[in-house]
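Engineer: Input: one structure, supplied below.
The values are calculated or read from the model by the stated rules, or taken from the named source; none is laboratory data. The structure presented is a predicted model; accordingly, all values stated were derived computationally and were not measured. No Cβ is skipped: glycine too gets one built from the backbone with ideal geometry, and neighbour counts run over all protein chains shown.
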Amino acid sequence: MPPGFTLPSFAKINLLLKILGKREDGFHELFTVFQTVSLHDSLTFELSDRLTLTSDRKYLPTDERNLIIRAAKALQQRFGLTTGAAIYLEKRIPSPGGLGGGSSNAAAALIGLRTLWGIEATNSDLQSIAAELGSDASFFLHGGTAIGTGRGGFIDPIDDMSEPYMLIVTPDVNVSTKTAFRRINAATLTKAASNHTLQVCRSEVESLDLRHSALINDFEASVFSAYPEIERVKDTLLGLGAVNAAMSGSGASVFAIFDKEETRQAALKALDNEVNWRKFAVAAISRSEYREALKFVL
Ligand code: C5P
């Protein structure tokens, strides 16, 4: 039996996020470029008779509302297991925040519990459970840089983009992803239009230059008009010398790219007086770094 162990559960940002239209199932067809970053929660796993989750954050639900418990139960059910686990979550990723924290926790739970319980689950078993848990969970079984299409869960890994000097800033605003999608008022998408747009998006990614290209997030216009504080975060970061900045997911986090450590540090210092903003100095985490940290072998 493996003794207890701890795994990181990394956050993601969306380097690009396009909403192509509304699907017939009511969800939205997306084209996004995900990137894992060094900001992470920690998950500790120990064998136990029961399945329990505890956390250093009192307000977090630790029952089935938490994706970690849902991931664990789905794995138990699929493999007919009766063994439990005591899982401890140390939370650092703002939630909600557009950084995929809950989905990342779900994927890290699947990876960790497969080892803890010694089950012969293939990666495609884990993928099919992840797909049920949330639109971003599938990405966290890959890590690095990857294109996400469909509801966001069809993942196509691409060459890692390396960005060592980034800041993520999360103002104290709760954006509901569901409401953000509704505000977009996207048109219904036909299959032909979707296929054409996907091709255009893919070629845009090939020429994407994180320091010079416009970083498009289709949620920005409507989320900024509902929550001007988030736009103020983006404008402030650009004013402090970031070479590029964009909102991640449906917000409220904004990430900014700096060309050198000195400028990033000076910006971080200048943000000291923004006491209601959470700030994280982060670097991109490549696919191999991600897999090594999670001891996740394909
Ligand atoms: O996947 P997640 O739980 O973050 O999605 C929250 C809500 O956002 C969904 O219930 C759905 O209303 C909306 N959504 C959508 N299209 C997507 C992903 C999410 O409309 N591709």
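Engineer: Just checking, which of Ala186, Ala180 is part of a helix (DSSP H, G or I), of a type outside the set (Ser, Thr, Tyr) and more than 16 Å from the chain's Cα centre (by Cα)?
Structural biologist: Step by step, each of Ala186, Ala180 is checked, and only Ala180 is part of a helix (DSSP H, G or I), of a type outside the set (Ser, Thr, Tyr) and more than 16 Å from the chain's Cα centre (by Cα).
Engineer: Out of all the residues in region 1-40, which are in contact with an Asp or Glu (Cβ under 6 Å, 6 or more places away or on another chain) and over 30 Å from Asn195 (Cβ atoms)?
Structural biologist: If the condition is that a residue be in contact with an Asp or Glu (Cβ under 6 Å, 6 or more places away or on another chain) and over 30 Å from Asn195 (Cβ atoms), then Gly4, Ser9 are the ones that fit.
Engineer: Just give me the residues in region 184-216 being within 16 Å of the ligand (Cβ to nearest atom), under 27 Å from Glu229 (Cα atoms) and crowded, with 17+ Cβ neighbours inside 10 Å, in sequence order.
Structural biologist: Once the filter is applied, which keeps residues that are within 16 Å of the ligand (Cβ to nearest atom), under 27 Å from Glu229 (Cα atoms) and crowded, with 17+ Cβ neighbours inside 10 Å, region 184-216 yields only Ile184.
Engineer: A follow-up question, please. Restricting attention to region 258-298, report how many residues are in a loop (DSSP other than H, G, I, E, B), surrounded by fewer than 16 Cβ atoms within 10 Å (Cβ to Cβ) and aliphatic (A, V, I, L, M).
Structural biologist: Summing the residues that are in a loop (DSSP other than H, G, I, E, B), surrounded by fewer than 16 Cβ atoms within 10 Å (Cβ to Cβ) and aliphatic (A, V, I, L, M) in region 258-298 gives 4.
Engineer: Do the conditions hold for Ala245, that is, is it crowded, with 23+ Cβ neighbours inside 10 Å and at pLDDT 95 or above?
Structural biologist: Considered against the rule, which asks whether it is crowded, with 23+ Cβ neighbours inside 10 Å and at pLDDT 95 or above, Ala245 comes out as no.
Engineer: Restricting to region 108-142, what's the tally of residues that are within 23 Å of Gly152 (Cβ to Cβ), small (Gly, Ala, Ser) and either within 13 Å of the ligand (Cβ to nearest atom) or surrounded by fewer than 24 Cβ atoms within 10 Å (Cβ to Cβ) (or both)?
Structural biologist: Residues flagged as within 23 Å of Gly152 (Cβ to Cβ), small (Gly, Ala, Ser) and either within 13 Å of the ligand (Cβ to nearest atom) or surrounded by fewer than 24 Cβ atoms within 10 Å (Cβ to Cβ) (or both) within region 108-142 amount to 9.
Engineer: Report, by residue number, each residue of region 131-164 that is free of Cβ contacts under 8 Å to residues at least 40 places away in the same chain and in a helix (DSSP H, G or I).
Structural biologist: Correct list: Ala131 only.
Engineer: Okay, next question. Give Leu237, Leu167 a once-over and let me know the one that is surrounded by 20 or more Cβ atoms within 10 Å (Cβ to Cβ), in contact with a helix residue (DSSP H, G or I) (Cβ under 9 Å, 6 or more places away or on another chain) and in a helix (DSSP H, G or I).
Structural biologist: Result: Leu237 is the single residue among Leu237, Leu167 that is surrounded by 20 or more Cβ atoms within 10 Å (Cβ to Cβ), in contact with a helix residue (DSSP H, G or I) (Cβ under 9 Å, 6 or more places away or on another chain) and in a helix (DSSP H, G or I).
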